[in-house]
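Let me begin by presenting the structure, written as structure tokens, before commenting on it.
A short reminder: the numbers here are calculations on the coordinates, not readings from a lab. These numbers were taken from a predicted model, which means no experiment stands behind them. As a convention, Cβ positions derive from the backbone with ideal geometry for all residues, glycine included, and neighbour counts pool all protein chains shown.
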Amino acid sequence: NPVEESPVTQTLSSLLPSSRSYRGLTLVLTFLSYTSYHLSRKPISIVKSQLHLNCSALGPNPHNDSNSTTWCSWAPFDADNYKELFGALDNAFLVAYAIGMFISGIFGERLPLRYYLSGGMVLSGLFTALFGLGYFWDIHVLWYFIIVQVCNGLVQTTGWPAVVACVGNWFGKGKRGLIMGIWNSHTSVGNILGSLIAGAWVSSAWGLSFVVPGIIIAVVGVICFFFLVEYPEDVDCNPPLHHVMTTSEKDPEAVISNEGPLSLSGQSSVDDSKSPKEPAEEPEAISFLGALRIPGVVEFSLCLLFAKLVSYTFLYWLPLYIVNVAHFGAKEAGDLSTLFDVGGILGGIFAGLISDYTGGRATTCCVMLVLAAPMLFLYNHVGQNGIGVSVAMLIICGALVNGPYALITTAVSADLGTHESLKGNAKALSTVTAIIDGTGSVGAALGPLLAGLISPTGWNNVFYMLIAADVLACLLLARVVVKEARGWCGPMARQRGYVAA
């Protein structure tokens, strides 16, 4: 048993005897967990437009006779270089997150996931709240906000490897793309809720835009500590089949009976399930270099670097872009930016469904990335020509940008973490997930930084940078796409030969 069961888990064993119920419970708890992670990350993008305001609309400075147009802004973000300061603030979080992610997966394979996840969520809540408390404590020094962001970035790395590993432990490969596509909507749901919660206080007391999400993620972390079940073996359920043959290939869950998973000969593997927790049979966690040698890990990791660069640039800069270009208020811009995440939900589900049907994860990603590039160009040039056009373009761009990102970080990561070359070793899922998402997080750090540096030269240049990143993400998957295409052409050629004969 990888971890000692809590009394609540033992109670759940009698209340939820079926593996289907446990799978549903795992999906719900991990969904809520990562929803709260993104809910706590989103407020900074909403509050940016409040930290630096054009105060001329509020009249003259009531404190003195100066003609400053930023007297109502929050120091130190009232300076002319405020965009660079915002970029530095974003990168304090994102660079720490990218560095910490490579280490996090290694710890995730060796520590109880339930403790690791819940502890990280409570700490994330603490540091998120500390950023908002800077408002109530009247703190105006940049280093305070930078340090809080660095600490928050490090502890938030506990989330993704842990939740993907938990879901991967409970679900086989057959419908993984669709299931994880729906499940991965937690990212967009968290961004939407974070925008709405932050927007409720952004113009009155922006500190609450961080304190409330901080409390929410900490509470969800406590719930996960008591109710999350990490492994099917912990509650005497049979693990899913990650690699099956012939007729089982379409639905590996279907070969699980009440007595246990059926072997290829159709016999129940009862003898094998009697001692799944024998210490002698416990495989060692995979090494970092061993995970890199799994076919496809390097390609998808580098692809995600550029895909996440685009996604996180929108996450952190879209509200400010809408304020500057469409001239909406901070709350209205925040609400409108949620449509990008609505599109992300649809894109993630669509990508998972198509990739399950075709078996082409890389091809699905490439097609969506190719379509995303011209849509980004159109959104920048015509996206502000009316509210209807803006809504439609944001949803379409969100679907095409976040679809590949969602597919790679969920179904692809789980596929590679349970790759057949591992010969059934489940101790690679968290490490592989961390490598892929950690590499992607490098792009997540670069995107907002580049946007902060490039935006003073014009928003057009920011969008050219995003389009170039999309194209590079697509090119990096070329080898895997060719391999998938050959896999499709082989059966088709054999079928044509059979028919001709």
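Computed quantities for the displayed model
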| quantity | calculated |
| --- | --- |
| Global geometry of region 321-367, whether rounded, prolate or oblate, following the gyration tensor of its Cα atoms and the 1.5 cut on a/c | prolate |
| Region 97-200: C-alpha gyration tensor shape, a/c 1.5 cut-off, then a/b vs b/c | oblate |
| Whole-Hz ³J(HN,Hα) from phi, Karplus 6.51 cos²θ - 1.76 cosθ + 1.60, for region 347-361, glycine and proline x | x, x, 5, 5, 4, x, 5, 5, 5, 5, 5, 8, x, x, 5 |
| Karplus (6.51, -1.76, 1.60) ³J(HN,Hα), θ = phi - 60°, over region 311-319, in Hz, Gly and Pro reported as x | 4, 6, 5, 5, 4, 9, 10, 4, x |
| FRET E, pair ARG293, VAL471, Förster distance 25 Å, beta-carbon r, rounded to 0.05 | 0.35 |
| Additional length obtainable on full extension of the chain from ASP80 to VAL325, 0.36 nm per residue less Cα span | 86.4 nm |
| Shape of region 284-403, Cα gyration tensor, a/c cut at 1.5 | prolate |
| Potential extension, VAL222-TYR144 segment - 0.36 nm per residue separation minus Cα distance | 25.4 nm |
| Net charge over other residues, Cβ less than 15 angstrom from the Cβ of GLY443 (K, R count +1; D, E count -1) | -3 |
| Calculated FRET efficiency for the pair CYS55/VAL482, C-beta based, R₀ 56 Å, to 0.05 | 0.50 |
